[in-house]
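Single-structure report; data block below.
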Amino acid sequence: MAKDRGRAIGRRAATSGRRRSVSDAKGVWKSGRGKGRSAPKGRQLDDAALGEVRALLGDAPRRRDLLIEHLHRIQDAHGHLSAAHLRALAEEMRLAQAEIYEVATFYHHFDVVRDGEAPPPPLTIRVCDSLSCALAGADALADALRAGLDPAAVRVLRAPCMGRCDAAPVAAVGRNHLAPASPETVTEAVRKGAVEPALPEYEGLDAYRAGGGYATLTALRAGERTPDEVQESVLRAGLRGFGGAGFPSGRKWSFVRAEPAPRRLAVNGDEGEPGTFKDRWLLESRPHLVLEGALIAAWAVEAERCYVYMRDEYPAVLEILRREIAALEAAGVAPPGHVELRRGAGAYICGEESAMIESIEGKRGLPRHRPPYVAQQGVFGRPTLVHNVETLWWVARICREGPEVLNAHERNGRRGLRAYSVSGRVKAPGVHVLPAGSTIRDVIAAAGGMAEGHVFNAYQPGGPSSGILPASLADVPLDFDMLQPHGSFIGSAAVVVLSDRDSVRGAALNMLRFFAHESCGQCTPCRVGCAKAVQLMEAERWDAELLSELAATMEDASICGLGQAAPNPIRLAMRHFPEEVL
């Protein structure tokens, strides 16, 4: 009996094996019941789509980390990502279709079109709906555009901050940002087909070198100073990260240097915190000051390669960097391939350093659990130094001009300088470089004072993550560690000024809608918490007890800073403006 069972099992195994085999005689996949298929199960490869994908990719490497770059090529060429093109890309990159699909559907700037769905209209207009633009009439602009344009030819979408808050409201016609935008200027751009970015005047490589640019880098490479000496200068300057966390830059260098080679450097240019535009301003004026800072930092930690990650909402900056990195290579300042430019695809979460690294590797921008920290295992598992754009701008200046360029400035007991992005109800919105101890009164004064007819009432000190503070806290220095006792923080120094004509309740709701839209979805407290908070905040009167309980859960249990800081607008609105919300 045992032998019979063994033979039966063997026959079933042999039959099962034949069912999965390809018939050499017929060249078809056998079903095992006398029937055959001309191809394996699943989506079949379209030869025409494969040819188009191959033509778009050209001789570019088919590496896994370049997946997002390749998706951009298809999206740019066709205006969407069809199922046939995704299948062809999977074939060309030797990846599972599921891997391609999960990445393509994660990012807002990729339009995945499934079988049977109509592709989007040929032109997309994105209207910013973040706080500064909302104050400037973004809702009315979006409504007017939808009413006045042919929906078959143009689609109008609401979109998060595009980093032009100083000229709100903003609309992107294709990749052409109009700021301030009006129905007339947008319609005219559509009529003319003006869909590509206009490059601002900026300091190119020749002009930068004529003013002494890259002389410091050259001297360091020649041995004029050691990495230890440069690191000590950065520490004495008091430089801290300007991306939001404020970690001492020199200490970060020492952590990375303590790890075994090879090492990497990543420049975080994903300036997505609504109200922030200082990095764009720096790169659209003096890009080489940032690039030299990056090359100096890479030299100091012996990083073999630099990755510059830039948000897709900055098309002009992306083009400037493409040109100037190529110019650096042609001039011999940087060897070919030493600096790689990576293009984001519309995901606020990629401003979080580990999510940015996931995106650099061609994956979904999901924050990593810690430890290990990125200084230990960052890009491709190697120790990585991550710096914000403004931080590297100061690295170059400190190495060129000495620590005093930063630490010689003092106000209200605080040392240093920082770039404040100022927008909202002020006469002269823009980037204002001020002493780090400046108060909101100083910032408003630097921005020309309050706009005509507006009385100062409240302010966002450092992006939506920092919440909303009342005018009664106008004498608190806007610097690291000074706002925490008030339940806030300076973050990216994205200051939005509100007046007596504005609704704090509406501003807080705008902020939470942004977080709900941008949550990566990895952890339940943030994914569900942000959406639930929006529902509760849309009520005529807020349920203070329930919102407080929700805020505590999000703060304690979220994986990264998005979910942990998202409740700040709720807490501060209830604390300082109860008459509006409770």
Inset, instruction - Rounded to the nearest Å, what's the spacing between the alpha carbon centres of segment 158-186 and segment 97-121? Just the number, please. - result: 25 Å
Legend entry - Label-point separation, Glu92 to Ser182 (7 Å along Cα→Cβ), nm: 4.4 nm
Legend entry - Signed unit charges on C-beta, dipole axis of segment 48-151, positive-most listed residue Thr105, Ala90, Ala136: Ala90
Legend entry - Flagged links, alpha-carbon separation over 27 Å, of Lys278/Lys427; Lys427/Lys532; Lys278/Lys532: Lys427/Lys532; Lys278/Lys532
Inset, instruction - Please work out the Cα center distance from segment 44-78 to segment 495-529, rounded to the nearest Å. - result: 36 Å
Legend entry - Among Gly193, Leu57, Ala181 the positive-end extreme of the charge dipole of the chain (Cβ point charges): Leu57
Legend entry - Debye, to nearest 20: dipole size of the chain, +1 on Lys, Arg Cβ, -1 on Asp, Glu Cβ: 3220 debye
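Take the alpha carbon atoms of segment 49-113, find their radius of gyration, then divide it by 2.2 N^0.38 Å using N residues; give the quotient.
Details: Rg = 10.2 Å, N = 65, 2.2 N^0.38 = 10.7 Å.
Normalised Rg, Cα atoms only: 0.95.
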Legend entry - Estimated 222 nm signal from helices in the chain, with DSSP H stretches of n ≥ 4 weighted -39500 (n - 2.57), rounded to 500: -12500 deg cm²/dmol
Legend entry - Net length gained if the chain between Ala153 and Asn412 were fully extended (0.36 nm per residue, minus Cα distance): 87.7 nm
Inset, instruction - First compute the accessible area of the chain with a 1.4 Å probe, then give the percent of it belonging to carbon and sulfur atoms. - result: 50 percent
Inset, instruction - Whole number in Å², please: accessible area per residue of the chain, 1.4 Å probe, ligands, DNA and RNA not counted. - result: 42 Å²
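Working out 0.36 nm times the residue gap between Ser548 and Ala55, then minus their Cα-Cα distance, what length gain in nm do you get to one decimal?
Result: 172.0 nm gained on full extension.
In square nanometres, what is one fourth of the surface area of the convex hull spanned by the alpha carbons of segment 504-582?
On the way: hull surface 17.0 nm².
Result: 4.3 nm².
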Inset, instruction - Working with all protein chains in place, sort Ser548, Ser249 by solvent-accessible area computed with a 1.4 Å probe, largest first. - result: Ser548, Ser249
Legend entry - Average Cα contact separation per residue, the chain, under 8 Å, 6 or more apart, as relative contact order %: 12 percent
Inset, instruction - Using only Cα positions of the chain, each an equal point scatterer, no hydration layer, compute I(q)/I(0) via Debye at q = 0.08, 0.10 Å⁻¹ and quote the log10 values to two decimals. - result: -0.60, -0.89
Inset, instruction - Report the Cys residues of the chain lacking a disulfide-compatible partner, meaning no second Cys Cβ under 4.7 Å from their Cβ. - result: Cys161, Cys165, Cys306, Cys350, Cys399, Cys520, Cys523, Cys526, Cys530, Cys560
Legend entry - Dipole in debye (nearest 20) - segment 201-356, about Cα centre, beta carbon charges: Lys, Arg +1; Asp, Glu -1: 300 debye
Inset, instruction - Mind putting a number on the dipole of segment 518-558 about its Cα centre? Charges go on the C-beta only, +1 for Lys and Arg and -1 for Asp and Glu, and I need it in Debye to the nearest 20. - result: 160 debye
Legend entry - Rounded D (µm²/s) - segment 290-333, Kirkwood Rh over Cα pairs, Stokes-Einstein at 37 °C, 0.692 mPa s: 286 µm²/s
Inset, instruction - Subtracting the Cα-Cα distance from 0.36 nm times the residue separation, let me have the gained length for Ala198 to Ser472 in nm, one decimal. - result: 94.5 nm
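The values are calculated or read from the model by the stated rules, or taken from the named source; none is laboratory data. Quantities reported herein were computed from a predicted structural model and do not represent experimental measurements. Every residue, glycine as well, gets a Cβ built from its backbone with ideal geometry; the counts of neighbours run over all protein chains shown. These accessible areas exclude ligands, DNA and RNA; they are computed on the full protein's heavy atoms, side chains included. Shrake-Rupley method; radii C 1.70, N 1.55, O 1.52, S 1.80 Å.
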